[in-house]
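Colleague: The structure follows.
The values are calculated or read from the model by the stated rules, or taken from the named source; none is laboratory data. Keep in mind that this is a model prediction, so the values were computed, not measured. Virtual Cβ from ideal backbone geometry, glycine too; neighbours counted across all protein chains shown.
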Ligand code: AMP
């Protein structure tokens, strides 16, 4: 029997998201989520996707990632999809930070683990959780190939002119300070899917990808290669996000320290967790913000306007970086669902060849689709992202090559 299944694991500090896919046809066999690991109120939600099986939930204390993965393995086994199945080909792990070392998906061995660990100082929140997930999975199936797929990898093609901050070079290099970018798996998938939607090879098209979820980032993709992206050393830079500020004068931080008396950790929390849409209006869900705007709420309207203003600036900037743009693609929770955001983001950009057709923009659906008027110079598209499928596909392609 050929092993064609890939388990995709996305391990956060207190959560594990997973999907099991069959790479013969990229179908999904099961998916689930373990939340609040280490708390009394942990929850595992498992959904088998074969034969229309119903979701199952466990609400019991799950002490750590090892217990979480064991519980996931039990749930999968109950559906006949256990980790010991000979059909399981590999486990693909989402790893947030690969620094400059990892430019492509990588088969995990102890040297790779050591390098991911060495990158903890630049990704203190994410890499330790990713490492725990990998170590736990390796302990459960030491014989199985495990692959790390890095969020930063797609952006390693950025030229130095885009990747370097204009600060003292020695200081920057001593602390590995540069623009790495994130959401790379999504930007890779969506830019390729956009080329496909246009009936072209990725090497022929220039695409601006707008990944607008709770975290948000833009990228400029030239002929399939990323040449700029809006997130930087950390995911804090760039667009206005659900709870992150995105770009601002770095001197705001000195001011908050000197005049506001705030500590480094307090400022970190302010900018990452209490800023962006939630800081501006108290809500980070675009549905709620739109509802409040419809009721005449001024704060919600201002938050929306600031969000759109920044988005527009990035569309313009990346237009200039690329010189020629074939498509602008909206993706992730907001990008795929919020028609008013898409409409407002390109409003007034007719001079750049950008426009949205109101009827097409109002259509909802899971398929990639064009929302620009027929014959438009630049295609505007909604392209749902699928990071799990991309991780599974990259994992499977790598192990097939190594067999
Ligand atoms: P993500 O991080 O990609 O899962 O996106 C999550 C965000 O998408 C939420 O915080 C909402 O702001 C937004 N979102 C999800 N569904 C909708 C919708 N139907 N309309 C508008 N925004 C949505």
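Colleague: Does residue 391 satisfy the condition of being closer than 30 Å to residue 91 by Cα, at pLDDT below 95 and in contact with a strand residue (DSSP E or B) (Cβ under 8 Å, 6 or more places away or on another chain)?
Modeller: Judged against the criteria, residue 391 is not a match.
Colleague: Somewhere in region 287-294, is a residue surrounded by 14 or more Cβ atoms within 10 Å (Cβ to Cβ), over 16 Å from residue 216 (Cα atoms), in contact (Cβ under 8 Å) with a residue 12 or more places away in the chain and away from the ligand (no atom under 12 Å from the Cβ)?
Modeller: no
Colleague: Here's something else I'd like to know. Quick check, is residue 359 surrounded by fewer than 18 Cβ atoms within 10 Å (Cβ to Cβ), within 20 Å of the chain's Cα centre (by Cα) and outside any strand (DSSP E or B)?
Modeller: Here the answer is no, as residue 359 does not meet what is asked.
Colleague: Tell me, please, whether a residue that is more than 13 Å from the ligand (Cβ to nearest atom), closer than 30 Å to residue 96 by Cβ and part of a helix (DSSP H, G or I) can be found in region 365-384.
Modeller: So far as region 365-384 goes, no, none of its residues is more than 13 Å from the ligand (Cβ to nearest atom), closer than 30 Å to residue 96 by Cβ and part of a helix (DSSP H, G or I).
Colleague: Kindly check whether there is at least one residue in region 213-221 that is surrounded by fewer than 21 Cβ atoms within 10 Å (Cβ to Cβ), away from the ligand (no atom under 13 Å from the Cβ) and modelled with pLDDT of 95 or more.
Modeller: No, region 213-221 has no match at all.
Colleague: Among (1) more than 16 Å from the ligand (Cβ to nearest atom); (2) touching a strand residue (DSSP E or B) at 6+ places or on another chain (Cβ under 8 Å); (3) outside any loop (DSSP other than H, G, I, E, B), where does residue 351 come up short?
Modeller: (2)
Colleague: Right, next: Residue 300: without any contact (Cβ under 8 Å) to a residue 24 or more places away in the chain, more than 30 Å from residue 221 (Cβ to Cβ) and crowded, with 22+ Cβ neighbours inside 10 Å, yes or no?
Modeller: Considered against the rule, which asks whether it is without any contact (Cβ under 8 Å) to a residue 24 or more places away in the chain, more than 30 Å from residue 221 (Cβ to Cβ) and crowded, with 22+ Cβ neighbours inside 10 Å, residue 300 comes out as yes.
Colleague: Looking at 140, 76, which is the one that is more than 26 Å from the chain's Cα centre (by Cα) and closer than 16 Å to residue 8 by Cβ?
Modeller: Of 140, 76, the one residue that is more than 26 Å from the chain's Cα centre (by Cα) and closer than 16 Å to residue 8 by Cβ is 140.
Colleague: Can residue 308 be described as more than 9 Å from the ligand (Cβ to nearest atom), part of a helix (DSSP H, G or I) and under 19 Å from residue 371 (Cα atoms)?
Modeller: yes
Colleague: Filter region 327-353 down to the residues that are touching a helix residue (DSSP H, G or I) at 6+ places or on another chain (Cβ under 8 Å) and farther than 27 Å from residue 291 by Cβ and list them by number.
Modeller: If the condition is that a residue be touching a helix residue (DSSP H, G or I) at 6+ places or on another chain (Cβ under 8 Å) and farther than 27 Å from residue 291 by Cβ, then 327, 352 are the ones that fit.
Colleague: Restricting to region 107-125, count the residues that are in contact (Cβ under 8 Å) with a residue 60 or more places away in the chain and within 12 Å of residue 147 (Cα to Cα).
Modeller: 1
Colleague: I'm told residue 316 meets every condition in (1) closer than 30 Å to residue 198 by Cβ; (2) out of contact with any strand residue (DSSP E or B) (no Cβ under 8 Å at 6 or more places or on another chain); (3) within 16 Å of the ligand (Cβ to nearest atom) except one. Can you identify the failing condition by its number?
Modeller: (3)
Colleague: Same structure, new question: Take residue 290 and tell me if it is under 17 Å from residue 242 (Cβ atoms), at pLDDT 95 or above, assigned to a helix (DSSP H, G or I) and under 24 Å from the mean Cα position of the chain (by Cα).
Modeller: yes
Colleague: Let me ask something else about it. Can you go through 140, 83 and tell me which one is surrounded by fewer than 17 Cβ atoms within 10 Å (Cβ to Cβ), in contact with a helix residue (DSSP H, G or I) (Cβ under 7 Å, 6 or more places away or on another chain) and within 23 Å of residue 29 (Cβ to Cβ)?
Modeller: The conditions single out 140.
Colleague: Just the residues that are in a strand (DSSP E or B) and either surrounded by fewer than 22 Cβ atoms within 10 Å (Cβ to Cβ) or touching a strand residue (DSSP E or B) at 6+ places or on another chain (Cβ under 6 Å) (or both), please, taken from region 1-11.
Modeller: 5, 6, 7, 8, 9, 10
Colleague: Here is a follow-up. Limited to region 319-335, what total is found for residues that are buried (at least 20 other Cβ atoms within 10 Å of the Cβ), within 16 Å of the ligand (Cβ to nearest atom) and in a helix (DSSP H, G or I)?
Modeller: Residues that pass the stated criteria total 3.
Colleague: State all residues of region 34-63 that are more than 28 Å from residue 2 (Cα to Cα) and surrounded by 14 or more Cβ atoms within 10 Å (Cβ to Cβ); if no residue qualifies, say none.
Modeller: 34, 35, 36, 37, 38, 42, 43, 44, 45, 56, 58, 62
Colleague: Can you confirm whether region 241-260 contains a residue that is buried (at least 19 other Cβ atoms within 10 Å of the Cβ), closer than 26 Å to residue 369 by Cβ and either at pLDDT 95 or above or within 16 Å of the ligand (Cβ to nearest atom) (or both)?
Modeller: yes
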